[in-house]
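Written out below as structure tokens is the structure these notes cover.
Just so you know, all these numbers are worked out from the coordinates, no wet-lab data involved. The shown structure was predicted, so the numbers you read here are calculated from the model rather than taken from an experiment. Here the Cβ positions follow ideal geometry from the backbone for every residue, glycine too, while neighbour counts run over all protein chains shown.
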């Protein structure tokens, strides 16, 4: 069984390999890193038809290569997962959906932290649609971690983490839980989680745990 991970930034391959080895040890992993996608999304301010088509092509390729499932690892492209799923006969999964479902099922006031603007929209919409399906009212507060993504691209990990921590601390005031909207933010979680009064959730571990449940049921 092979899980095909589609990334829009480098640096997540090893992290997902480690999680998969721990949580789903019988699975093999394959990774496709297409950084041009996030650049196009940032330039356009969101998903475009061309980016969606490219992601569908990646999903088709993954199926032809023998993948049992495709896991998107970027929340900015999550809306394309449903479209890509219609092109193949294997699951195409959103990295943030398990985290969002957990937050909606257990909390009402939810803070959302992101390091890029293009993630806030898709994550907010996913939270709202998930809550609507559950028949639940939620209150959202979204914050952009100013300067964090620039620090990330510059390789300034300390600066990146510090900016995320600042935003998380601001979100603790009015919320019951905080979600880190991007998978890449998980690397800062270890330095954040023990210093907050409320839970802070990140998507990678929850996504791989969902994969385990998916194949256990299958």
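Which shape class, rounded, prolate or oblate, goes with the range 1-129 when its Cα gyration tensor gives a ≥ b ≥ c as root eigenvalues, a/c under 1.5 marks rounded, and past that a/b bigger than b/c marks prolate?
Oblate.
Specify the angular offset, from 0 to 90 degrees and rounded to the nearest 10, of the alpha carbon long axis of helix 117-134 from the longest principal axis of the alpha carbons in the chain.
The angle comes out near 80 degrees.
Please report how far the C-alpha centroid of the range 164-218 lies from that of the range 1-61, rounded to the nearest whole angstrom.
19 Å
Pull out a ≥ b ≥ c, the square roots of the eigenvalues of the alpha-carbon gyration tensor of the range 157-218, then state rounded if a/c is under 1.5, prolate if not and a/b is larger than b/c, and oblate in the remaining case.
prolate
Express as a percent, rounded to the nearest 5, the fraction of DSSP beta bridges in the range 97-202 (both residues included) that run antiparallel. Walk me through the numbers on the way to the answer.
On the way: 0 of 12 bridges.
Beta bridges within the range 97-202, antiparallel portion: roughly 0 percent.
Go through 112-118, 72-78 and give me the packing order, highest mean Cβ count within 10 Å leading.
Ranked from most to least packed, the peptides come out as 72-78, 112-118.
So, how do all the Cα-to-Cα distances of the range 97-202 break down into 5 Å bins, in percent, from 0 on up?
2, 14, 26, 25, 18, 10, 4, 1, 0
For 34, 28, 82, what ranking results if the residue with the fewest other Cβ atoms within 10 Å of its Cβ goes first?
Ascending number of Cβ neighbours within 10 Å: 82, 28, 34.
Taking the C-alpha atoms of the chain, how large are the radius of gyration and the largest Cα-Cα span, Dmax, in Å?
When restricted to the Cα atoms of the chain, Rg and Dmax are 16.5, 48 Å.
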